[in-house]
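Working notes, beginning with the structure itself.
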Amino acid sequence: MPSPEPAVLELAAPISGIVVSLDEVPDEAFRQRLVGDGIAIDPLGDTLVAPCDATVLLVHKAKHALTLDVDGLELVLHLGLDTVKLDGAGLEILVRAGDRVKRGDPLLRFSPDLIATRAVSLLTPMVVANMDQVERLETMSGRVQSGQTGVLRVFRKAAAVGDAPKQGATVLRSAPMRVQDPSGLHARPAAALAAVARRFTADLRLAKGSKDANLRSVVSMMALEVGGGDLVTVLASGDDAAAALAAVSALLVVESEPRAATLAAVGTAEAKHEGAKPAGAIPAGAREVAVTEGVLHGVSASPGTAAGVVVQLRYDDAVPAARAADAKIERRQLDAAIAAAHLQLEGLRTRLTQEGQGERATIFAAHQELLEDPEMLDQAIAGVQDGWTASWAWQQSYTAQAERLAALRDPLLAARATDLRDVGRRVLHLLVGRDTQARSLPMDAIVIAEDLTPSDAADLDRSRVRALCTTMGSSTSHVAIIARGLGLPAIAGIDIRALHIPVGTRVLVDGDTGRLRIAPSAAEEQAASSRRQARDARRTAAQALAQQDAVTRDGQRIEVAANIGDVRQGADVVSGGADGVGLLRSEFIFQAREREPNEDEQTELYGSVARALGPKRLLIIRTLDIGGDKPLPYLPMEKEENPFLGARGIRFTLAEPAVMRRQLRAILRSAAEGKVAVMFPMIATLAEWRAASAMVEEERVALNAPRIPVGIMVETAAAALMADHFAREADFLSIGTNDLTQYTMAMDRTNPRLAVQVDAMHPAVLRLIAITAEAAAKHGKWAGVCGALAADPLAIPVLLGLGVSELSVDLPVVAESKARVRELSLAECRATAQLALDCADGEEVRVLVRARHGEVN
Ligand code: PEP
Ligand code: MG
């Protein structure tokens, strides 16, 4: 019987340019058709467009490649060669996974200049990845017009080969292997693996966490988003499973051509026989590589210490990509699951409110709002209408939305990705009938997870949990809010190896330093427990004297002020014993609103704090410190390559004089309510200071308002080194050690991996503080510190000794900081400070301070 005529698919050029044969592409994976077969284009434009009507199947995390689904055909568009390394620089993705696109619709815009200078080549391959579905290809040549000229004709086979695993077969499983290439399993290494896999008949799957992928499909593997450092496992079943597993594993662990050696075994390389398991059902234990001793570092998310036994928390988002029989039924199931999730959240809110945990209750109120997010709903509904199951459509939708959020540079917004995943998982589990609730915990549980969602926290048995550690997040993430709310010590951004500490291992969590000690000795546990008791006693004693001045033993009064970001905290400043507000982070007030507060509103907001502080306490308002990594949705900002070094702080507001002047007028007007000063963030040059202070003066004159103190923040090495010039003109200098440290050491303060090194106690930073304080004194001005260093009990003697006369700290530690000042003698601090400046590093400074001023708990 003659086979049916294959269907033909016409593909237009995805970009204008000259068609080039894959044989001429200087990349082995494409030249050898390992990724797939097709053509490449030497581009003459800056936008990749859809070559036909399609669904976007996958957008690579590094933004350099997309995969389109055309009725089951997987089409890979790969902008340039080796562009994965750019990590998104110069690339702008215009679509999302799940989007339906029409021929000619723009998909990806790029900066040709940037790519041309940084990438191996701009040559852009367009290949069919699943060639097993293709009878033959016809390629065109010459100059082509994007979205118009046909470049590839695909003749499809009559029947496609399915890739579902064979149920009931024996599954061989490799040991876990770690991906070493920092770029992860991108197109090229995935293609090399697929090429080997295709030599065998066995079902071969690559598993990462609870997800897995067909090892024959480049796209499927790319969709796993295996990053550098991730652990993967190979599963094989079928006639030649053992040989296939050995061949693929060998490719994974041995450096070979073409650059497929992205992985290295971390367990024994022996395959274990197991009965068949549903795809993705890899027990958490199988991924663990015993980490049984040592100290793992992260950042402090909630203070305190606790000892206990490890419990590993894992998520399960896995559902099969399945077609549905009836879209109407799927839609009804989706609606019902969302409604049920709403009810669950309502119940949680009520419970937490009744328990007096208002802040946590509001998290679930926000989850209810997220559940109504129209984009997430629309994408899920579109998936259902396209014939996918409700669970798959929903999972695709919320994970895509969460990834979008996670990619944002604003850490606060990015942290909301966790909420989205949390609420998404809640609905998913309702859809598939998976129970996420009851988790039985041992007594003294130390919970370790990649991330901890509010739902997890609500489900945890709090009588058994002693501490929380997450590999994601920072001091602003949910784990911090949750842990502080529960009064539990917590570490965020902990070394990823924490996920491989065997369940049941005894550990000691130090939430103050962000350190986790594995298998502590009895003496270490005892010491931690004594520290805890001493600390509690110290706190109680400090609190009793909170309202009294902080005066050193030799009679020097030190101003101890508070850092706040919310105008409602004015009363807490007074009750907490602070001498004033050393830093009001005004951008927090702006960020909490959907539009810029107008001049009158700002006047009232700042005035309310000034009123709460009364006539004696100074309120220092910092002008907007936004730009770069801290966007405001209603103030458009240019995207920058290096936002921390870009138009941030004063640079941004000087470029937006209308915004700046509105804020300055409001600050000047609010001074009628109390004692108000203004300061500018991120000052680097005298010109910036002069422009900003001139604006204050102009607005003051226009308002006929009295003068207020005007100062600068010293957060750049330039400002510190030029402090004598600034001190001559400004009324005060407030040192922002958080930024001063990151700029001096060239270490991102938000990067958990650098948390240990980005040390404000480093003598390099101390020397800049010394220069600043000395310059201030020379000109009769005061210098303060409002960065986190001001609250560090080991740093306080050094700062006082260097000539700092104001410490501005977070509200909860005002009383303890005052107590610390009272223990010290300024004369001794001066001697300590001189020695500290000569130390080799921050640790040496700490040893010095402990030796001269005693251990602090
Ligand atoms: C600082 O940089 O030390 C500072 C106080 O400002 P922020 O932390 O708000 O950047
Ligand atoms: Mg700063």
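Structure data summary
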item	result
Charge tally in the Cβ shell below 15 Å around residue 328, where Lys, Arg are +1 and Asp, Glu are -1, residue 328 excluded	-1
Under 12 Å, Cβ to Cβ, from residue 305 - net charge with Lys/Arg +1 and Asp/Glu -1	+1
Descending semi-axes in Å of segment 1-87, equivalent ellipsoid built from Cα gyration tensor	24, 16, 14
Other-chain or far-sequence residues with amide H under 5 Å of residue 465's (modelled H)	445
Length gained when the stretch residue 314-residue 292 is fully extended (0.36 nm per residue, less Cα-Cα span)	6.0 nm
Charge context of residue 422, other residues only, Cβ under 12 angstrom, K/R +1, D/E -1	-1
Share antiparallel - DSSP beta bridges, the chain, percent rounded to 5	65
Under the Karplus curve 6.51 cos²θ - 1.76 cosθ + 1.60, θ = phi - 60°, whole-Hz ³J(HN,Hα) for segment 787-799, x wherever Gly or Pro sits	x, 4, 4, 4, 9, 7, x, 6, 7, 4, x, 5, 5
Nitroxide proxy distance, nm - points 7 Å out along Cα→Cβ at residue 329 and residue 100	2.3
Total charge dipole magnitude, the chain, about the Cα centre, Cβ charges on Lys, Arg, Asp, Glu only, Debye to nearest 20	1360
Quotient of Cα Rg and 2.2 N^0.38 Å for segment 58-105, N being how many residues it contains	1.16
Cα gyration tensor, segment 13-145 - rounded (a/c under 1.5), prolate or oblate	rounded
Tail beyond 25 Å, pair distance distribution of segment 480-597 (Cα, percent)	50
Long-range amide H partners of residue 581 with built H, under 5 Å	562, 618, 619, 620
From the C-alpha gyration tensor of segment 72-166, square roots of 5λ in Å	27, 18, 14
Relative contact order %, the chain, counting alpha carbon pairs below 8 Å whose residues are six or more apart	9
Segment 31-77 - Rg (one decimal) and Dmax (whole number), Cα, Å	11.3, 30
Segment 554-699, relative contact order [Cα under 8 Å, separation at least 6], %	25
Extension gain (nm, one decimal) between residue 121 and residue 537, 0.36 nm per residue minus Cα-Cα	143.3 nm
Kirkwood Rh in Å, taken over all unlike Cα pairs in the chain	29.9
Gyration tensor (alpha-carbon) shape descriptor, segment 551-695, a/c threshold 1.5	prolate
Stokes-Einstein D (µm²/s) once Rh is taken as the Kirkwood radius of segment 742-857 over alpha-carbon pairs, at 37 °C in 0.692 mPa s	227
Theoretical gain in end-to-end length, residue 346 to residue 855 [0.36 nm per residue, Cα-Cα removed]	178.5 nm
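A short reminder: the numbers here are calculations on the coordinates, not readings from a lab. Owing to the predicted nature of the structure, the values given are computational and were not obtained by experimental measurement. Neighbour counts are summed over all protein chains in view; Cβ atoms, including those assigned to glycine, are modelled from backbone coordinates with ideal geometry.
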